[in-house]
Amino acid sequence: MSVRRALITGITGQDGSYLADFLLDQGYEVHGMVRRSSTEKFDRIEHARDRLILHQGDLLDQRSLVDTMRAARPHEIYNLAAMSYVAASWVQPTLTAEFTGTGVTRMLEAMRETCPDARFYQASSSEMFGKVREVPQTERTPFYPRSPYGVAKAYGHHITVNYRESYGLHATSGILFNHESPRRGLEFVTRKITWHAAAIKLGLEVKLRLGNLEAERDWGFAGDYVRAMWLMLQQDEPEDFVIATGTAHSVRECVEIAFDHAGLEVDEHVEIDPTLLRPAEVEHLVGDASKAKRILGWEPEVGFEELIRMMVEADQALLKHESSPHGVRRL
Ligand code: NAP
Ligand code: GDD
């Protein structure tokens, strides 16, 4: 059988890097789209760099999307690129709409023009459920987004469904609940917590400032979730799937597990910072992935406590290395 080619947008991000590793292991030729920057930030894919084919492009630039697809000739396209940090979407609402919303249409148009027989994965989000209409959330739960990011993702979701129905594209939308890893960006709450637990333990920091400790999320491991993305594109018929663990935990529980693992007292180090509260909050998310279990045979393998402990240990190792005379400390 000839080699399968995959194109990943957002390959430098958390999910893109795990998906690249997964697809390389499956024998794919992996292409990635990257943005031009004055300083390259390819840390998450550095270990696999010589096995990846990178193309310069941007979700804002139609020409670059068309050229990237022409060059990559993908059988599978994973559209993971987005402005993905919810809090920043109130600061840059229009740009978020352009990247995270309209960017999806640009991708679908480029695919329609250059490779209409490819299969397309859209990174939809549980943030679309926002002020939830039912518990747990399924593929049929109505959306009620609570942030400019959630609104933009709802647009991206609907345009993916629309292009599937309008043009017969094999376009699938994966509604993924929060997923984390040692490669998670430092601004997201789990990584912020595990990094600070490690840094405080090593004497590099004293305090951890957080916003809403009562918010609850259904947190899984990114490595498990990229496997679900791939499984979705192996189906004969494109359909949408919720991917979740089915269990919710609060930010407070996350802090307790991380600090306990680092051997620290929460009360001595954690402070509430009201400036970190969001203009509109998503209080509680928990997903029902029964459809994915039934049709894809997908199950998460890493549980929440194991995930947070794994992240604390990875941050301890990272900070020990970076604070050594041979390392560079990074925030
Ligand atoms: P991430 O770590 O923030 O990565 C985002 C990626 O998008 C980066 O590679 C970034 O490139 C790229 N990007 C941003 N704007 C771009 C643009 N205009 N043109 C081209 N590339 C651009 O996000 P993630 O956690 O891996 O999430 C992957 C996708 O899944 C995102 O769409 C996110 O919204 C969605 N999602 C994530 C979760 C989750 O819990 N992780 C849950 C549901 C859905 P740079 O490196 O150049 O910045
Ligand atoms: N980031 C952050 N920083 N969040 C905090 C903090 C803090 O200091 N303190 C409390 N939180 C709360 C937020 O208010 C939110 O309720 C929760 O922690 C999770 O925040 P994030 O980790 O930033 O993730 P998110 O749920 O807003 O968004 C992530 O998950 C979505 C899927 O539901 C992102 O990965 C999105 O891209 C993704 O779509």
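The values are calculated or read from the model by the stated rules, or taken from the named source; none is laboratory data. All values reported here derive from a predicted model rather than from experimental measurement. Cβ sites come from the backbone with ideal geometry, for glycine too, and all protein chains shown count toward neighbours.
Quick notes on this structure:
- Residue in segment 47-60 that is within 16 Å of ligand 2 (Cβ to nearest atom), within 19 Å of the chain's Cα centre (by Cα) and in a strand (DSSP E or B) present: no
- Top-ranked residue of segment 118-140 - restricted to ones that are more than 19 Å from the chain's Cα centre (by Cα) and under 12 Å from Ala171 (Cβ atoms), ranked as farthest from ligand 2 (Cβ to nearest atom): Ala118
- Pairs with Cβ under 6 Å, 6+ apart, first in segment 229-241 and under 10 Å from Gly174 (Cα atoms), second assigned to a helix (DSSP H, G or I): Phe241/Met232; Phe241/Lys291; Phe241/Ala292
- Among the numbered conditions (1) of a type in the set (A, V, I, L, M); (2) under 30 Å from Phe22 (Cα atoms); (3) in contact (Cβ under 8 Å) with a residue 60 or more places away in the chain; (4) part of a helix (DSSP H, G or I), the only one that Ile175 does not meet is (4).
- If the condition is being over 21 Å from Pro148 (Cα atoms) and either assigned to a helix (DSSP H, G or I) or within 16 Å of ligand 2 (Cβ to nearest atom) (or both), then segment 96-116 contributes Leu108, Glu109, Ala110, Met111, Arg112, Glu113, Thr114.
- Residue match in segment 151-169 (condition: hydrophobic (A, V, I, L, M, F, W, C), closer than 25 Å to Glu268 by Cβ and in a helix (DSSP H, G or I)): no
- Each residue in segment 174-196 was checked for being surrounded by 19 or more Cβ atoms within 10 Å (Cβ to Cβ), small (Gly, Ala, Ser) and in contact with a Gly (Cβ under 9 Å, 6 or more places away or on another chain), and 1 of them qualify.
- The residue that is nearest to ligand 2 (Cβ to nearest atom), counting only those in segment 1-41 that are out of contact with any helix residue (DSSP H, G or I) (no Cβ under 8 Å at 6 or more places or on another chain) and closer than 17 Å to Arg183 by Cα, is Lys41.
- Filtered residues of segment 198-214 (kept if in a helix (DSSP H, G or I) and out of contact with any Gly (no Cβ under 9 Å at 6 or more places or on another chain)): Ala198, Ala199, Ile200
- Ala228 satisfies every condition listed in (1) in a loop (DSSP other than H, G, I, E, B); (2) of a type in the set (Gly, Ala, Ser); (3) assigned by TED's automatic domain parsing to the domain that holds Thr160 except (1).
- The listed residues are Thr94, Thr68, Thr39, and the only one of them that is modelled with pLDDT of 95 or more and either surrounded by fewer than 21 Cβ atoms within 10 Å (Cβ to Cβ) or within 9 Å of ligand 1 (Cβ to nearest atom) (or both) turns out to be Thr94.
Yes/no per residue for (1) outside the structural domain of Leu318 (by TED's automatic domain parsing); (2) within 13 Å of ligand 2 (Cβ to nearest atom); (3) farther than 25 Å from Lys131 by Cα; (4) at pLDDT below 95:
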site	(1), (2), (3), (4)
Gly156	yes, yes, no, no
Thr160	yes, no, no, no
Tyr167	yes, no, yes, no
Ala171	yes, no, yes, no
Lys207	no, yes, yes, no
